[in-house]
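Reviewing the structure listed below.
Each value in this text was obtained by applying a stated rule to the coordinates, not by laboratory testing. Here the structure is a predicted model, which means the values were calculated and not measured. No Cβ is skipped: glycine too gets one built from the backbone with ideal geometry, and neighbour counts run over all protein chains shown.
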Amino acid sequence: MAYKRLTVTASIALGCAVCAVPAQARTDGQNAAMMLALTGTRLTTAQADKLEQQLKAHPDNLSIRTELLGYNSIKAPVSSEARAGDDKQITWIITHRPQAAVAGTLFAKPDALVNPAGYAQAKSLWQKAITAHPKNVRILANAAAFYTPEHARAAARCLKICASLDPRNPHWPDRLGQLYHLEFAVPRGGNVKAAAAQALKYFKEALALTQSGRSRFYLLGSLGDAALAAGKAKDAAAYAHQLLRAAAKFRSDWNYGNAIFTSHSILGQLAIERGNIKRADQQLLLAGQTPGSPQLDSFGPDLTLAKELLAKRQRMPVLRFFQAVGKFWVMGRLRLVAWEKIIKAGGTPDVHTFGLP
């Protein structure tokens, strides 16, 4: 079975609008920097000008620079002046404070598509910082967060050094697993199964080092996804069942809805592999009973299992699934209605609009 699903974990990593590190892997410092930058997004022009004047008198004030990063980030996609302002702050931060928490957020990362020159300049500065501080874990971690998915190998090198310097910290194998997870969840021509196997390896290492029950709960979904994509059916089923048991202990957690959806989706795909279509139908409907989550409510549910069941002519379960997820996926209701009409007419939604191609 070809693996073409954008998993919840991948959605977090791709769609997180304010931090280059997935939500469950952020440090407290990054969260604080993120909140300060978000404050900057609400500044008026007059307030931003006042901060610029204050910065001239206090050039080492990282808090002011962080707020200005937030202010410029809103206008950067359409304003060359804002991009120049961002580049100025980012250059200073990487040059003078590469270990700072804000340096590991997306605010300190020029958009490689909108601002390729700014990205190239920042990339060169990070390479110099790594060379100058080859054993500084904070700097290496921030550099790893900077690289785009196209430069995943450079990010992986940084994180592997961090793991060697700080071997008892589950943060490093977790982030390495996330890197490879994106490689198979959003394939760009590489070996999907090999990437999944690498992700599974690192997630297992992270789990072995993790003591917190809540942190283990966050890891189990990633483990199940990776095992499924790697062709490890027995492991995938075991992690899916563990995730369901763990979810019962964390019903108030933001990840609860993700866990319910992910575990049943994995079990449903495994049922299709075994030829048990009735069981797969049941798992799809159970997945649809999730209460939703910050990711599911915005990005929407993964549709791999629904697509595979449609290919098996299981139209009614898919329609019932759409009705269920429509309760939380408000942003996707128009698409759901359009897909329902096509399915009721005996067709199959276009592959380019029905989930990932």
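Results, tabulated for the structure shown:
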read-out: Against the rule of thumb 2.2 N^0.38 Å, how large the Cα Rg of the stretch 33-124 comes out; value: 0.97
read-out: Computed label-point distance, nm, for sites ALA46 and GLN289 using a 7 Å Cα→Cβ extension; value: 5.7 nm
read-out: Cβ crowding within 10 Å averaged over residues, with 220-231, 88-99, 198-209 ranked highest first; value: 220-231, 198-209, 88-99
read-out: Column: log10 I(q)/I(0), Debye, Cα scatterers of the stretch 90-227, q = 0.19 Å⁻¹; value: -1.10
read-out: J(HN,Hα) series, the stretch 143-158, from Karplus relation 6.51 cos²θ - 1.76 cosθ + 1.60, nearest Hz, glycine and proline x; value: 4, 4, 5, 6, 5, 6, x, 5, 10, 4, 5, 5, 5, 4, 4, 4
read-out: Karplus 3J(HN,Hα) series, Hz, for the stretch 81-89 with 6.51 cos²θ - 1.76 cosθ + 1.60 (x for Gly, Pro); value: 5, 5, 4, 5, x, 4, 4, 4, 5
read-out: Derived scalar couplings ³J(HN,Hα) [the stretch 48-58; Karplus, 6.51 cos²θ - 1.76 cosθ + 1.60; whole Hz; x for Gly, Pro]; value: 5, 4, 5, 5, 4, 5, 5, 5, 4, 7, 9
read-out: Rounded to 10°, Cα long-axis angle of helix 333-344 versus longest principal axis of the chain; value: 30 degrees
read-out: FRET efficiency for ARG214 and ASP28, using Cβ-Cβ distance with R0 set to 22 Å, rounded to 0.05; value: 0.90
read-out: Lys, Arg +1 and Asp, Glu -1 on Cβ, resulting dipole of the stretch 235-357 about Cα centre, debye, nearest 20; value: 420 debye
read-out: Contour excess over end-to-end distance, with Cα ends at GLN282 and LEU113 and 0.36 nm allotted per residue; value: 56.6 nm
read-out: Nearest-0.05 FRET efficiency for ALA311 and LEU165, computed from C-beta distance (R0 51 Å); value: 0.60
read-out: Additional length obtainable on full extension of the chain from THR39 to LYS234, 0.36 nm per residue less Cα span; value: 65.5 nm
read-out: Hull shadow area, averaged, the stretch 1-231 [alpha-carbon convex hull, nm²]; value: 12.6 nm²
read-out: Mean Cβ count within 10 Å, highest first, over the residues of peptides 263-271, 279-287; value: 263-271, 279-287
read-out: Amide N proximity, the stretch 292-319 versus ARG333 label position 7 Å along Cα-to-Cβ, cut-off under 19 Å; value: 292-301, 319
read-out: P(r), alpha carbons of the stretch 235-357 - 5 Å bins starting at zero, rounded %; value: 2, 12, 22, 24, 21, 12, 6, 2, 0
